[in-house]
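A.B. asks: Take a look at this one; I'll ask things after.
The values are calculated or read from the model by the stated rules, or taken from the named source; none is laboratory data. In this text the structure is predicted, and so the values were computed from the model without any measurement. For neighbour counting, all protein chains shown are included, and Cβ atoms are generated from backbone atoms with ideal geometry for every residue, glycine included. SASA here: full protein model, heavy atoms, side chains in, ligands and nucleic acids out. Shrake-Rupley method; radii C 1.70, N 1.55, O 1.52, S 1.80 Å.
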Amino acid sequence: MTILDAGVKSCGMDQGNPVPVGMNAGRIEANEEHIKLFDLDKKLKIGDKVRLIPGHCCSTVNLHDKLYLVEGDKVVDRIIVTSRGNSR
């Protein structure tokens, strides 16, 4: 099992599990703060970064300052989240 420092607060799962990029997991479980990847086909070390494609982000996007747009391994743009904190 691999535990990621991301959960449903940062990666909404109400419309499907996030997809880890460049690796496959047999099963994915999540709580508010963490995502657990089971039967991962890649060996990771503490501190490795894992890119996730969320199943849904509308419920969590206002919790972040910026969205980063990536193409391959390159950040090509960023979008400031203007609704940041407006749910309070």
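A.B. asks: Please go through segment 49-85 and give me each residue that is without any contact (Cβ under 8 Å) to a residue 12 or more places away in the chain and either of a type in the set (Phe, Trp, Tyr) or assigned to a loop (DSSP other than H, G, I, E, B) (or both), ordered by number.
C.D. replies: Passing the criteria: Lys49, Tyr68, Gly72, Asp73, Thr82.
A.B. asks: Would you confirm whether or not segment 17-36 contains a residue that is polar (S, T, N, Q), outside any strand (DSSP E or B) and surrounded by 12 or more Cβ atoms within 10 Å (Cβ to Cβ)?
C.D. replies: yes
A.B. asks: Give me a count of the residues in segment 37-54 that are buried (at least 16 other Cβ atoms within 10 Å of the Cβ) and either within 14 Å of the chain's Cα centre (by Cα) or within 27 Å of Ile79 (Cβ to Cβ) (or both).
C.D. replies: The number of residues fulfilling the criteria is 4.
A.B. asks: Which one of these is of a type outside the set (Lys, Arg) and on the phi > 0 side of the Ramachandran plot: Gly55, Gly12, Gly72, Gly7?
C.D. replies: Result of the check over Gly55, Gly12, Gly72, Gly7: Gly72.
A.B. asks: With the requirement that a residue be open to solvent by less than 80 Å² (accessible area, probe 1.4 Å) and either more than 23 Å from Asn17 (Cα to Cα) or of a type in the set (D, E, K, R) (or both), what does segment 64-74 give you?
C.D. replies: Lys66 - this is the single residue of segment 64-74 that is open to solvent by less than 80 Å² (accessible area, probe 1.4 Å) and either more than 23 Å from Asn17 (Cα to Cα) or of a type in the set (D, E, K, R) (or both).
A.B. asks: Related question: What number of residues within segment 38-88 are touching a strand residue (DSSP E or B) at 6+ places or on another chain (Cβ under 8 Å) and more than 23 Å from Thr2 (Cβ to Cβ)?
C.D. replies: 12
A.B. asks: From the list Val81, Val8, Val61, which residue is open to solvent by less than 70 Å² (accessible area, probe 1.4 Å) and touching a helix residue (DSSP H, G or I) at 6+ places or on another chain (Cβ under 7 Å)?
C.D. replies: Going through Val81, Val8, Val61 in turn, the sole match is Val81.
A.B. asks: Does Ile46 satisfy being modelled with pLDDT of 90 or more and assigned to a loop (DSSP other than H, G, I, E, B)?
C.D. replies: yes
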